[in-house]
Amino acid sequence: MRRLSRPLAVVAAIAVAAALVVGVVGHDERTEVDPGMKAAAQAGRDAAAAVAHTPAASMARESAILEIRARETDLRRSGFDAEADTFAAEAGKALETLLKQ
């Protein structure tokens, strides 16, 4: 049993290290690899631009912001959790930038 425990510990350590590396990879890095993530990022930026083109404190702006949330929810319900995260993150970043101008 001791003979097996050492190799199993090494395999477990490698698996944990691999999981940590995968977990640390950010949305920006994944978008360079996966076309679906790239599309989700662009859709998030486009949705933020639509919000920025509405009058401040208007129902149109509120509706555009709610549309972002609805689209994120639709992506999650369809099983695209990573894409939903990327969409929401990119929309949030773009909104911060666009609305500060």
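The values are calculated or read from the model by the stated rules, or taken from the named source; none is laboratory data. Keep in mind that what you see is a predicted model, and the values were worked out from it rather than measured. Here the Cβ positions follow ideal geometry from the backbone for every residue, glycine too, while neighbour counts run over all protein chains shown. These area figures cover heavy atoms from the full protein model, side chains too; ligands, DNA and RNA do not enter into them. Shrake-Rupley method; radii C 1.70, N 1.55, O 1.52, S 1.80 Å.
If you check every pair at least six apart or on different chains, which have Cβ atoms under 9 Å apart with a residue in region 41-56 that is touching a residue at least 24 places away in the same chain (Cβ under 8 Å) first and a residue that is in a loop (DSSP other than H, G, I, E, B) and open to solvent by 20 Å² or more (accessible area, probe 1.4 Å) second?
Short answer, once both residue conditions are applied: A52/Q101.
Out of the residues in region 70-96 that are over 14 Å from the mean Cα position of the chain (by Cα) and farther than 19 Å from K38 by Cβ, state the one that is most open to solvent (accessible area, probe 1.4 Å).
Among residues in region 70-96 that are over 14 Å from the mean Cα position of the chain (by Cα) and farther than 19 Å from K38 by Cβ, the one most open to solvent (accessible area, probe 1.4 Å) is R77.
From the list K38, K100, exactly one residue is of a type in the set (K, R), in contact with an Asp or Glu (Cβ under 9 Å, 6 or more places away or on another chain), modelled with pLDDT of 50 or more and open to solvent by 100 Å² or more (accessible area, probe 1.4 Å). Which is it? Spell out how you get there, then give the answer.
Details: K100 fails: in contact with an Asp or Glu (Cβ under 9 Å, 6 or more places away or on another chain).
Being of a type in the set (K, R), in contact with an Asp or Glu (Cβ under 9 Å, 6 or more places away or on another chain), modelled with pLDDT of 50 or more and open to solvent by 100 Å² or more (accessible area, probe 1.4 Å) holds for just one of K38, K100, which is K38.
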